[in-house]
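Readers should treat all values here as calculations from the given coordinates under stated rules, not as data from a laboratory. Fair warning: this is a prediction, and the values are worked out from it, not measured in the lab. Positions of Cβ are generated from backbone atoms using ideal geometry, with glycine treated the same way; all protein chains shown enter the neighbour counts.
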Amino acid sequence: MARPALKPWLRYLRAGDLLTLALAAAGCAASFALLWRGEIPDRAIVRAGGRIVAELPLDRRAELTVDGPLGHTRIEVEPGRARVAEDPGPRQYCVRQGWISRGGAVAICAPNQVSLSLNGGGDSHDSLSY
Amino acid sequence: MTRSVTELAVSRDDYRISRLAAAAIALTVAEAAIPMPLPGVKPGLANIVTLVVLWRFGWRDAAWVSLLRVLAGSLLLGQFLAPGFFLSAAGSVASLLALGLGQRLPRRWFGPVSHSLLAAFAHISGQLTVARLWLVPHDGVFYLAPVFFTAALVFGLSNGLIAARLLASGADAGAD
């Protein structure tokens with residue numbers, strides 16, 4: 001397969017164009033860094049029945065058992081991440097979600113009315129409709 | 001035959017501008033047929049015409065060609081006065097302003113590629129501003145900005161190179 005010949009195009013670039021190009025590329029890179037920087041969470045927030053029952057710092061190990069209408073939900077926290085380790089819910093969605101570590105991430109055990117969320121991530125939406 | 005009551009004097013400028021605008025409109029319509037992975041990301045091929053016009057005939061002609069293209073292109077695509085039309089118009093006005101400033105750069109050092117990049121970034125910035133102020137009044141609009149900026153970088157560069165090549169080859173001489 002013939003390689004696309006890029007070299008002939010180079011002569012249309014003038015010295016200042018390279019400067020403009022470099023600035024534009026730097027601007028692109030900066031926009032990624034600025035706008036796509038996920039906030040790093042430092043707390044795990046545990047809710048039961050809609051009320052906050054615990055806020056655990058994400059810099060050390062911790063374990064917590066929360067009671068809901070179906071039984072006990074066990075939350076595990078490790079440095080930088082957290083998960084629902086056990087839950088009595090029938091479908092186990094929140095357990096199968098595994099470790100969550102992004103700012104604003106949530107694991108919801110709806111049947112037992114327990115949720116585990118990480119702070120940060122601002123007021124992001126999990127759905128948008130037009 | 002009844003003579004038309006209004007007689008418009010058509011100057012050489014008018015013919016030239018309409019011919020160039022027609023080329024830009026054709027590119028706009030052709031481009032609309034190219035499927036793009038993300039709405040809002042387009043190569044903006046018609047801007048090649050704007051750049052060539054700017055380089056050869058100056059900013060006034062470029063502004064005419066660009067704005068006529070937005071108007072007629074939106075009529076042909078059924079977008080006239082739809083949100084997309086205002087976004088295009090905002091983008092075009094912003095890039096024309098940027099080109100007005102960019103034109104003052106010394107041509108010895110800054111070629112069509114610089115103009116094209118300036119215009120591309122101004123275009124998307126103008127569109128994002130209007131989108132933020134009017135269509136989606138939420139900062140979530142800016143979430144995709146890095147993607148749009150990257151597209152501006154790629155297409156700004158490629159359009160600029162194509163315009164530079166057309167200018168160098170004299171293939172645009174027929175536009176006179």
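Quick notes
- Relative exposure of A:K7, B:K42, judged by other C-beta atoms within 10 Å (fewest first): A:K7, B:K42
- What the phi angles of the stretch A:8-18 give under the Karplus curve with 6.51, -1.76 and 1.60, with θ = phi - 60°, is a coupling list of x, 6, 4, 6, 8, 8, 9, 3, x, 5, 4 Hz, glycine and proline written as x.
- For the stretch A:13-74, the convex hull spanned by the alpha carbon atoms encloses 134 Å³ per residue.
- Reciprocal mean inverse distance between Cα atoms of the protein assembly as shown - Kirkwood radius, Å: 23.2
- In this simple spin-label model, placing a label point 7 Å from the Cα along the Cα-to-Cβ direction at both B:T129 and B:L81 gives a separation of 2.5 nm.
- Using R0 = 51 Å, the C-beta based FRET efficiency linking B:S169 and B:D139 works out to 0.70.
- Mean-square fluctuations from a GNM of chain A, with a 10 angstrom spring cutoff on Cα atoms, peak among A:D42, A:D87, A:D67 at A:D67.
- Dividing the Cα radius of gyration of the stretch B:20-105 by 2.2 N^0.38 Å, with N the residue count, gives 1.05.
- Taking max minus min of the alpha-carbon positions on each principal axis, chain B gives extents of 59, 44, 29 Å, largest first.
- At 0.890 mPa s and 25 °C, Stokes D of chain A from Kirkwood alpha-carbon radius, µm² per second: 137
- Measuring nothing but how far apart in sequence close Cα pairs (under 8 Å, 6+ apart) lie, relative to its length, chain B scores a relative contact order of 24 percent.
- Translational diffusion of the stretch A:43-118, estimated by Stokes-Einstein from the Kirkwood radius over alpha carbon pairs at 25 °C in a medium of 0.890 mPa s, is 209 µm² per second.
- Cysteines (scope chain A) whose Cβ has no counterpart Cys Cβ under 4.7 Å: A:C28
- Structure-based [θ]222 nm, chain A - -39500 (n - 2.57) summed over DSSP H runs of at least 4, per residue, nearest 500: -6500 deg cm²/dmol
- Neighbour cut-off at most 14 other Cβ (10 Å), DSSP loop, chymotrypsin sites (Phe, Trp or Tyr not before Pro), the stretch B:100-176: B:W109
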